[in-house]
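Worksheet for the structure shown next.
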Amino acid sequence: MPSPVSSESDARGAHQGLAKNSLGVASIVFLVLAAVAPLTGIVVIATLGIALGNGGGMPLSFLLVTVILLLFAVGYAQMSRQLVSAGGFYAFVLKGLGRPAGIIAGYIALLGYNCFVAGAVGTSGFFTASVLKDLTGLETPWILWSLVSAAAVFLLSRRGIDVSAKVLGVCLVLEVAILLVFDFRVLFSTGFSWQAFSVEAFFSGSAALGLLFAANVFIGFEATGLFSEEARKPLTTIPRATYVAIAFIGVFAAFTSWAIVSATGVAQAKDAALEHLASGDLVFSLAHEYLGDALLKVMMVLLLVSLFAALLALHNSTTRYLYAFGRVGILPRSLGTTRVGTGVPQRASLLQILFATAVAVLYFVLGLDPIAALTASMTGLGTLGILSLQLLAAVAIVVSFRRQRDRRLWRTLIAPGLGALGLSGIVGLVVLNFGLVAGSDSPVVAMLPLLLPLLAMAGGLAAWWLSRHRPQLYRELDQDLSRAKKIDTQE
């Protein structure tokens, strides 16, 4: 049965509101964790952290980043009770730091998420073609599978956010299950080494890069707020989903990386990961040893499931930002309408998937490598953009509560302030080591972080232009920021 939508349809049959009461805590967690893509995060990012970061100390790196983000979540939970908006962190910055900063945050969000989806389209196509060749010997162009993945994502997203959440829930359970089978097989075969949590292990290699790659695995958790208008009892659902998502990502990544470094030997983990760095098959080689050939093939197939789930979840998140900007008039207002019966922002969805697909096709036509060029540039820039957005939101939370003279110092100042400091350190690490984050030594890729200050300038100029030439629209940008009070009286 279609979910009710939040407003009447217009003369053309397009709704103005998203579907209400469609998502509970579990559904939002599935949407967020699918974007995080646990299997992909372990196979790709965690092993990079072991190889290039602090080797056997990666489990502790994951736990430390978990603490930083949970501190941030304390303030986020309080802010979520005052603000319910599909604009996510853009709305947080708008409320806390004002309209110009809010517009800048929105620009950064659009850049970060759209780049991430474009990179995910290429990554999904490449690995699908690669796994298909390994399993069947059939060689196909990667762009074919990129187009298939993009089309499937668009068609699924049109069915409604609740349908996407159910599909993502199944995908998430499957990819987590195969990793847990591997984890416990290592535990029962060789045991886990507590040396991974020693100070010596943490500072082996580069602890800073270890924290950097650990933080990368959490990219996507911030999307909980994007679904607040579609959540049941959002004032409690969104904070709970955020805590659950952060805690699960951190504990699961720490546990699985603990299994990996225990299987290789904590002291030898860095060297073992470096040996497999070029091929990127450290986890697969260990899976073959501990699980056998049959389950290894299952893991390879589930990697494709993980990539598709991430693409679907990221697409849904990006679409909400486009919808939010269209609704207030910064982007064409047609993007701020939704599909009759499902409350899906279908025009925003179509524009987003066309953009991501066009980027992938352009890279293919130019003959550029889908991983070294497309994924490296798009995912690297997306990572920097989303981390910067998280930092802006953290600062906005602290400023907003200080303006209100809130006396709950731990919840509104100390905890979120510490989270903001931690996030600022992580953003600094990304900028200084952008080539490693992007997985490329190209000088062009190294220059991509310069897009952020240029984007901030563009956002500032856009805010100035709106205030001078469209003052009513500019004044009404924060008209939805009182939505939480209305919902609070209803609950």
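A single entry from Leu274, Leu286, Leu282, Leu296 fulfils the requirement of being aliphatic (A, V, I, L, M), touching a helix residue (DSSP H, G or I) at 6+ places or on another chain (Cβ under 9 Å) and over 23 Å from Ala196 (Cα atoms): Leu296. Note on the range 231-272: residues that are in a loop (DSSP other than H, G, I, E, B) and β-branched (Val, Ile, Thr) amount to 1.
One residue is enough: does the range 273-285 have a residue meeting the conditions open to solvent by 20 Å² or more (accessible area, probe 1.4 Å), touching a residue at least 12 places away in the same chain (Cβ under 8 Å) and in a helix (DSSP H, G or I)? Within the range 273-285 (the criterion being open to solvent by 20 Å² or more (accessible area, probe 1.4 Å), touching a residue at least 12 places away in the same chain (Cβ under 8 Å) and in a helix (DSSP H, G or I)), the answer is yes, since at least one residue qualifies.
The single residue among Leu135, Leu71, Leu97 that is of a type in the set (A, V, I, L, M), touching a residue at least 12 places away in the same chain (Cβ under 8 Å), over 30 Å from Lys297 (Cα atoms) and surrounded by fewer than 21 Cβ atoms within 10 Å (Cβ to Cβ) turns out to be Leu97. When the range 159-217 is filtered for residues that are part of a helix (DSSP H, G or I) and among the aromatic types (Phe, Trp, Tyr), the ones remaining, listed by number, are Phe182, Phe184, Phe188, Trp194, Phe197, Phe202, Phe213.
For the range 402-413, filtering for residues that are assigned to a helix (DSSP H, G or I) and either open to solvent by less than 80 Å² (accessible area, probe 1.4 Å) or more than 9 Å from Gly75 (Cα to Cα) (or both) leaves 5. Yes or no: the range 102-110 includes at least one residue that is open to solvent by 20 Å² or more (accessible area, probe 1.4 Å), part of a helix (DSSP H, G or I) and of a type in the set (Ser, Thr, Tyr). Yes, because at least one residue in the range 102-110 is open to solvent by 20 Å² or more (accessible area, probe 1.4 Å), part of a helix (DSSP H, G or I) and of a type in the set (Ser, Thr, Tyr). Scanning the range 26-80 for residues that are aromatic (Phe, Trp, Tyr) and closer than 26 Å to Val199 by Cα gives Phe62, Phe72. The condition (being surrounded by fewer than 23 Cβ atoms within 10 Å (Cβ to Cβ) and either in a helix (DSSP H, G or I) or in contact with a Ser or Thr (Cβ under 8 Å, 6 or more places away or on another chain) (or both)) is satisfied by just one residue among Val437, Val398: Val398.
The values are calculated or read from the model by the stated rules, or taken from the named source; none is laboratory data. These numbers come from a predicted model, not from an experiment. Note: ideal-geometry Cβ built from the backbone for every residue, glycine included; neighbour counts use all protein chains shown. The area values use the complete protein model at the heavy-atom level, side chains included, leaving out ligands, DNA and RNA. Shrake-Rupley method; radii C 1.70, N 1.55, O 1.52, S 1.80 Å.
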